[in-house]
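Read the structure below first, then the notes.
The values are calculated or read from the model by the stated rules, or taken from the named source; none is laboratory data. From a predicted model like this one, the values you see are computed outputs, not experimental measurements. Glycine also receives a Cβ, built like all others from the backbone with ideal geometry; neighbour counts cover every protein chain displayed. Heavy atoms of the whole protein, side chains included, go into the accessibility calculation; ligands, DNA and RNA do not. Shrake-Rupley method; radii C 1.70, N 1.55, O 1.52, S 1.80 Å.
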Amino acid sequence: DRDLDFELIDSLSNRKVRNASQAVHAGLSHSLPFIQNVPLSVLLKLRKAEGESFRVYRDALTRTIKSTDTDDPRKIKELFNDQILPELNKIDLVIKNSRRLLAESITSDLVIGAGFLGIGLFSGWIPPAVSHILAAVGGYNFVNATVKELRKALREPKEIKDEKFYFLWKVKQVAHAT
């Protein structure tokens, strides 16, 4: 329970740390409300599974918080909106573009394959009896390639794992899935 965590920090910390902690909590709650929807146990499992990404995220978040001298929740919220949300949006854009490119690749493969078969049939280069065999072999290869491309599209692109806020983005995905 995040409120309990902050109460513990409050009781064990000096006033400056308490104020900063409360400001960060308020900023996160308003700028990144999806965090509140993820149970702590799920966050801990994700942290264990994505340990390196979590450390990169923690370091980036620490640098972001240290870049400001305020404990005003509105200023912290602005900081998150200006520095963290654009990074999350950038990851979403990379995924969207990757999936769009894969869909375009599948479509172009289909059009090119059908075009070659059609031209071969209509020009007489491919006899009708052979066209059935080519269509079957080509169809099998196309379906096989399409399944591979679809599996790629469903996976996260490798380049997003290098992003400093990848862990937070992953938390967002988990929050939307639950």
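General observations
- Qualifying residue in the range 69-78 (condition: crowded, with 16+ Cβ neighbours inside 10 Å and closer than 16 Å to Glu159 by Cβ): no
- Residue among Glu7, Glu50, Glu78, Glu87 that alone is modelled with pLDDT of 80 or more and more than 21 Å from the chain's Cα centre (by Cα): Glu78
- Lone unmet requirement of (1) free of Cβ contacts under 8 Å to residues at least 40 places away in the same chain; (2) within 14 Å of Trp169 (Cβ to Cβ) for Tyr57: (1)
- In summary, Arg151 fulfils each of the numbered conditions (1) at pLDDT 75 or above; (2) open to solvent by 50 Å² or more (accessible area, probe 1.4 Å); (3) charged (D, E, K, R) with the single exception of condition (1).
- Scanning the range 114-142 for residues that are open to solvent by 40 Å² or more (accessible area, probe 1.4 Å), at pLDDT 70 or above and in a helix (DSSP H, G or I) yields Ala114, Phe116, Ile119, Phe122, Ser123.
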